[in-house]
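Trainee: I have a structure I would like to understand better, so I am pasting it below and will then ask my questions one at a time.
The values are calculated or read from the model by the stated rules, or taken from the named source; none is laboratory data. The structure displayed is predicted, hence computed values, not measured ones. Neighbour counts are summed over all protein chains in view; Cβ atoms, including those assigned to glycine, are modelled from backbone coordinates with ideal geometry.
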Amino acid sequence: MTVRTEPTEQVEASQVEPAKTPNRLPTITTMILAVAFVALGAWVVYDMNTVPDTAVTTEIENLLDDYLAAWNTSDGEAFVELVTAGYTLDMVGGVASATERVEGASELINSLEPMEWSVAVVGERMMTGDGPWYVTEVEHFTAPGYGAEGADGVSTFTVVDDGGTLKIARHAFVGNN
């Protein structure tokens with residue numbers, strides 16, 4: 001090992017140039033953008049996995065599916081089991097109370113069979129309320145009387161707890177039937 005015997009030069013502080021500090025703005029900007037993108041990604045995943053406030057419960061979804069199946073299969077007996085004793089059907093202003101028609105409901109629904117009646121839900125149902133519940137759906141009907149294109153409309157159902165069983169108390173339909 002060699003030992004330095006020469007004296008080191010002394011430099012005055014005024015002669016020394018200060019070291020340049022690196023510009024940290026691009027680094028800080030990149031870090032902020034990275035955190036923002038990660039947060040946005042987390043929000044998208046969260047939003048995709050949450051249930052909207054208007055989502056229909058499984059129990060009510062099944063009730064409405066059974067109700068439409070009763071219409072589509074012309075099953076008047078099943079229909080009567082799915083509605084309350086005071087059920088009303090309001091189709092474009094023509095209110096018909098089940099109090100008058102509940103005994104004839106089977107005949108009404110059964111009469112649809114020769115017409116080749118069919119109703120299908122278009123899109124997702126929306127629900128509001130906390131008992132009674134109000135559920136709205138867009139529907140498309142096909143039957144010989146509706147022409148080649150069929151008919152479209154919106155149904156709103158009032159679902160109630162009828163002695164521990166969910167039932168449909170009212171069905172209001174507005175459309176081009």
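Trainee: Hey, can you tell me all the residues within the stretch 140-165 that are of a type outside the set (Phe, Trp, Tyr) and not in a strand (DSSP E or B)? It would help to see each step written out before you state the result.
Mentor: Applying the first criterion (of a type outside the set (Phe, Trp, Tyr)) to the stretch 140-165 yields 140, 142-145, 147-156, 158-165.
Residues satisfying the conditions are ALA143, PRO144, GLY145, GLY147, ALA148, GLU149, GLY150, GLY163, GLY164.
Trainee: Counting just the residues of the stretch 70-116 that are in a helix (DSSP H, G or I), of a type in the set (D, E, K, R) and within 32 Å of the chain's Cα centre (by Cα), which one comes out modelled with the lowest pLDDT? Spell out how you get there, then give the answer.
Mentor: As a first pass, look at the stretch 70-116 and keep what is in a helix (DSSP H, G or I): 70-72, 76-82, 98-101, 105-110, 113-115.
Okay, now just the ones that are also of a type in the set (D, E, K, R), so 77, 81, 100-101, 107, 113.
Adding the requirement that they be within 32 Å of the chain's Cα centre (by Cα) leaves 77, 81, 113.
Values: GLU77: 85, GLU81: 92, GLU113: 67.
Restricting to residues being in a helix (DSSP H, G or I), of a type in the set (D, E, K, R) and within 32 Å of the chain's Cα centre (by Cα), the top hit is GLU113.
Trainee: Somewhere in the stretch 48-61, is a residue farther than 19 Å from TRP133 by Cβ, in a helix (DSSP H, G or I) and within 28 Å of the chain's Cα centre (by Cα)? Steps first, please.
Mentor: We begin by selecting, within the stretch 48-61, every residue farther than 19 Å from TRP133 by Cβ; these are 48-50.
Still in the running and in a helix (DSSP H, G or I): 48-49.
Narrowing further to those that are within 28 Å of the chain's Cα centre (by Cα): 48-49.
There is at least one residue in the stretch 48-61 that is farther than 19 Å from TRP133 by Cβ, in a helix (DSSP H, G or I) and within 28 Å of the chain's Cα centre (by Cα).
Trainee: Of the residues GLY145, GLY175, GLY150, which single one is among the small types (Gly, Ala, Ser), over 21 Å from TYR87 (Cα atoms), surrounded by 15 or more Cβ atoms within 10 Å (Cβ to Cβ) and at pLDDT below 90? Walk me through it before giving the result.
Mentor: Details: GLY145 fails: surrounded by 15 or more Cβ atoms within 10 Å (Cβ to Cβ); GLY175 fails: over 21 Å from TYR87 (Cα atoms).
Result of the check over GLY145, GLY175, GLY150: GLY150.
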